[in-house]
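The values are calculated or read from the model by the stated rules, or taken from the named source; none is laboratory data. Keep in mind that this is a model prediction, so the values were computed, not measured. Cβ: placed from backbone, ideal geometry, glycine included. Neighbour counts: every protein chain shown.
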Amino acid sequence: MARIWKFGKDVDTDQIVPGRYAPYMLKKGQDVKDYAFCEARPEFAANAQPGDIIVADENFGCGSSREYAPEALRRRQIGAIIAPSFARIFFRNAINLGIPLYESSEAPGLVEDGEEASLDLEINQLQTANITLDLPSLPPFALAIMQVGGIVPYVREHGRFPGEAA
């Protein structure tokens, strides 16, 4: 079972990983994943487990276009992020890294922080002890990228970007 990590609206990339923890500023042996939400929510950096699910309110990932913010979440092996809306650049960066993103205006009001949950990516369904929530299907291009683990593996496998003529 995964754990729900609930956040409010307008979670920006500085909250996800403050700028001073950029990968190029870290000492040898440190990993940016260890700084995910290290100031905004220190228990996340210490306790988030692979497969855990972030549920947030609108405009998740706003702010600067730091690609290491979604990279920290990918390295932390977050199972998915569910929010009513995402900042455009964060959305694309996260998809390119293979992080499943779901837009749902219902989810933030239905789940509790710390609640155990499971997410079935095959049928796009979030389940807790109290709810079963059908999530919208991922866009075909995003699904294709995520199925192989990100844009780099996709291009290696197909020799092109999704939607590009063969």
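Asp57 passes every criterion in (1) under 22 Å from Phe141 (Cβ atoms); (2) part of a loop (DSSP other than H, G, I, E, B); (3) touching a residue at least 40 places away in the same chain (Cβ under 8 Å) apart from (1).
When the stretch 76-124 is filtered for residues that are within 18 Å of Trp5 (Cβ to Cβ) and either among the aromatic types (Phe, Trp, Tyr) or free of Cβ contacts under 8 Å to residues at least 24 places away in the same chain (or both), the ones remaining, listed by number, are Phe86, Phe90, Tyr102, Gly109, Leu110. Each residue in the stretch 127-147 was checked for being touching a residue at least 40 places away in the same chain (Cβ under 8 Å) and in contact with a Phe, Trp or Tyr (Cβ under 8 Å, 6 or more places away or on another chain), and 2 of them qualify.
From the set of residues in the stretch 119-166 that are surrounded by 14 or more Cβ atoms within 10 Å (Cβ to Cβ) and of a type in the set (Ser, Thr, Tyr), which is nearest to Asn93 (Cα to Cα)? Ranking the qualifying residues of the stretch 119-166, first place goes to Tyr154. Quick check on Ser105: is it among the hydroxyl-bearing types (Ser, Thr, Tyr) and at pLDDT below 95? So Ser105 fails the test.
In this structure, Ala36 does not satisfy being surrounded by 18 or more Cβ atoms within 10 Å (Cβ to Cβ) and touching a strand residue (DSSP E or B) at 6+ places or on another chain (Cβ under 8 Å).
Scanning the stretch 92-110 for residues that are surrounded by fewer than 21 Cβ atoms within 10 Å (Cβ to Cβ) and either in contact with a Gly (Cβ under 7 Å, 6 or more places away or on another chain) or in a loop (DSSP other than H, G, I, E, B) (or both) returns Asn96, Leu97, Gly98, Pro100, Ser104, Ser105, Glu106.
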